[in-house]
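Read the structure below first, then the notes.
The values are calculated or read from the model by the stated rules, or taken from the named source; none is laboratory data. Keep in mind it's a predicted model, so treat the numbers as computed, not measured. Counting neighbours? That spans all protein chains shown, and the Cβs are built from the backbone with ideal geometry, glycine included. Remember, those area values only see protein heavy atoms, side chains included, never the ligands or the DNA or RNA. Shrake-Rupley method; radii C 1.70, N 1.55, O 1.52, S 1.80 Å.
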Amino acid sequence: MTITLWNNIITLIVCRITEVTVINKQKFLAELGKLLTFMYEEDRQIALGLYENMFDTCANEQLLLQHLGTPTRQAVMVARSYNSGERKLQISSDSRSGEDEAQDPQYISVIQNVERAFTARYGNTQQEEVSEDQISLFETFDFITAPEEPSAEEPEQTSLFDLLDEPAESFIRDEPAAEEAAAEETEAAEEPFEPEQAEEPLIEEAAEELPEAQEEAAPEEQPEAKEADFVEYTLEPVQPEEPEEEAEEEEDEEEEPERIPTVRKVKPAMLLLYILLAIPAIVVGTAVLLVPTVLFLLAATAAVILGILIVSFPFGGLTVFADIMLVLGVGIIVLALGFLFLWTFVWLIGGAIVGHIQGVIRLGGKLCYKEVPVK
Amino acid sequence: MKKAWKVILIIVLAAILAGVILIAAGYLTGADTSRIYEGMDQRYQLANKIEYYKNVSDEAFSSIFVFGSPSEAAPQN
């Protein structure tokens, strides 16, 4: 147990280090894809598509990566805005109403907010073409931009919720205070991008993305308070809205075909005809079945009385042990037959006669009624 | 109902098997049916009862066949 815990901690630390130090678009999207497995597949593809589009439209990939931070951070943001239960209801209601203009789910707006925040902060980098004679600001960051093949030793993050179970401090990196970050933000458009920004905190980004964080991120507040807000934003325990059992039940419900409500309508002529035929059939059938029933009752009574007489006889009238055994054997057989006749009588009364009547009534229900779908 | 039938049949078959075993054991150890019949006759007067039921059945049959028994009604050559 302890070894497994330590292994998980080490794995997470290694993941975090690899995320921070070496990352590019493909790696970011791959990691994000793994972390968003809690979403429905369609939503996951949409979210990944939005992030990919963000990368495609952005000329400066590294700047965008710095803005986005780690895939874990983005996954937490999406997870906070994603409610699988509501999402399912929304999908079903959209499909039923057939409206083309379905309301965008919340997680899409969150991702779009991230993109807007990036655009607002760094300007539109979409159309910026760097001429060959210009010096790239990021040429020195070969260790970042160099595409790395994913190593086999890299541990896999199987679920976002594994990461969400971490203590809150694990999500916070060593970051400067929010005021310093705000000051840097104002200078960001003018000043060249510096390597230290690779480790820049993402507090101000979170403040832009969440309205409540914007309200609380006033410049006069203390840095500690802002950091607390950020912690509250990013590290609130995100629980899966639906346990696995509920999800399975819902899947089962989905698999069941929808039943069309129907109403039973009587066919009057058929019902009248059937009643006329069924009453004599029940009477005759019951009478026929009553004959063997009564015979079995008589036989059972006679066998039981005879068996009792036979069994009781040898104890008073016989002296030879062999004779006693013989008579006892006969008496037991007669009693057994009497018991069998008695049970047959009960079965004829409770099973055959009642079953016959119920069968006739059930047949009438099938023949004289029809199922009509409710309009 | 099928389970009840199974239980009843098992009980009945077991009782019949026990009876057959007792009868076989009685015969093997020297049981005599005439001796048993005598004992029963002494206790229940079986001979008298059998004679009584024979007479009753004969009277009943004679009343059913108004013209006498089929053997009596047949023309004699």
Would you please give the FRET efficiency between A:THR37 and A:LYS265, computed as 1/(1 + (r/R0)^6) with r the Cβ-Cβ distance and R0 = 56 Å, to the nearest 0.05? 0.65
Using a 10 Å cut-off on Cβ to Cβ distances, tally the other chain neighbours for every residue of A:345-358 and report the average as a whole number. 1
Just order A:72-78, A:36-42 by mean Cβ neighbour count inside 10 Å, highest at the front, would you? A:72-78, A:36-42
Summed residue charge, Cβ within 11 Å of A:VAL78's Cβ, Lys/Arg positive, Asp/Glu negative: +2
Averaged across the residues of B:4-14, what count of C-beta atoms belonging to other chains lies within 10 Å of each residue's C-beta? 3
10 Å Cβ neighbours from other chains, averaged over peptide B:21-29: 6
Which order do peptides A:331-342, A:293-304 fall in by mean Cβ count within 10 Å, highest first? A:331-342, A:293-304
Using only protein heavy atoms and a 1.4 angstrom probe, determine the accessible area buried between A and B, summed over both sides, in Å² to the nearest 100. 2200 Å²
